[in-house]
């Protein structure tokens with residue numbers, strides 16, 4: 001059963017000149033429960049915009065997005081926040097950790113907007129990502145790789161059905177990137193959460209059996225490419 005369904009998605013932004021720019025025009029996309037897929041796209045291609053629409057951070061101008069069977073279309077911001085808190089985990093490229101809080105507090109705070117704080121589960125998640133000895137460290141006391149591990153634990157804190165990862169290895173060295181990718185994929189499998197990861201890194205993409213090209217999914221990108229003059 002699909003955990004994510006997209007139909008006829010359209011997202012338009014206004015340029016500084018006041019012109020309409022179609023960023024996303026996606027006829028359809030599905031991701032089954034527990035499946036893992038990667039989405040390839042160059043910088044500025046609309047990858048983050050797509051994830052933000054799926055997560056309910058942005059509202060599309062047209063179309064339907066359903067997560068775990070719940071249609072986000074037409075919901076107000078508060079309702080989209082509720083769906084995101086209950087069903088979606090998000091791993092940001094810049095981690096978005098709260099600097100004044102410990103690793104444990106960052107994970108626990110993420111639970112407040114979902115099913116409620118379960119400190120024991122928060123501790124368990126941090127132990128499983130190798131931070132059992134750093135529960136009370138603040139982000140500035142952790143390495144970049146360790147901060148990402150906190151972000152992974154936070155994304156899984158509410159036992160989401162879908163995890164979205166936006167260029168999660170972009171700030172890491174190659175060895176740390178490989179370790180981080182395996183951590184994300186293995187923890188999603190353990191939690192039986194589907195994973196949709198976006199990246200332009202060939203090594204990252206090569207680890208996935210299913211890799212989709214955003215340019216193939218997005219009619220807006222194909223239209224812009226067709227309109228560009230040949231070299």
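A few notes on this one:
- When the stretch 63-73 is limited to residues that are in contact with a helix residue (DSSP H, G or I) (Cβ under 7 Å, 6 or more places away or on another chain) and part of a loop (DSSP other than H, G, I, E, B), the one that is surrounded by the most Cβ atoms within 10 Å (Cβ to Cβ) turns out to be 72.
- Count of the stretch 164-183 residues which are closer than 22 Å to residue 29 by Cα and buried (at least 24 other Cβ atoms within 10 Å of the Cβ): 3
- Only one of 60, 16, 27 that is in a loop (DSSP other than H, G, I, E, B) and either under 30 Å from residue 206 (Cα atoms) or within 19 Å of the chain's Cα centre (by Cα) (or both): 60
- In the stretch 104-122, the residues that are within 11 Å of residue 150 (Cα to Cα) and without any contact (Cβ under 8 Å) to a residue 40 or more places away in the chain: 104, 105, 122
- When residues of the stretch 75-111 are limited to those that are in contact with a helix residue (DSSP H, G or I) (Cβ under 6 Å, 6 or more places away or on another chain) and not in a helix (DSSP H, G or I), the one surrounded by the fewest Cβ atoms within 10 Å (Cβ to Cβ): 99
This table checks each residue for (1) over 24 Å from residue 70 (Cβ atoms); (2) touching a helix residue (DSSP H, G or I) at 6+ places or on another chain (Cβ under 7 Å); (3) surrounded by fewer than 21 Cβ atoms within 10 Å (Cβ to Cβ).
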{"site": "14", "(1), (2), (3)": "yes, no, yes"}
{"site": "18", "(1), (2), (3)": "yes, no, yes"}
{"site": "34", "(1), (2), (3)": "no, no, yes"}
{"site": "46", "(1), (2), (3)": "no, yes, no"}
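- Condition check for residue 11: in contact with a strand residue (DSSP E or B) (Cβ under 9 Å, 6 or more places away or on another chain) and free of Cβ contacts under 8 Å to residues at least 24 places away in the same chain: no
Readers should treat all values here as calculations from the given coordinates under stated rules, not as data from a laboratory. Please read these numbers as outputs of a predicted model, since none were measured by experiment. No Cβ is skipped: glycine too gets one built from the backbone with ideal geometry, and neighbour counts run over all protein chains shown.
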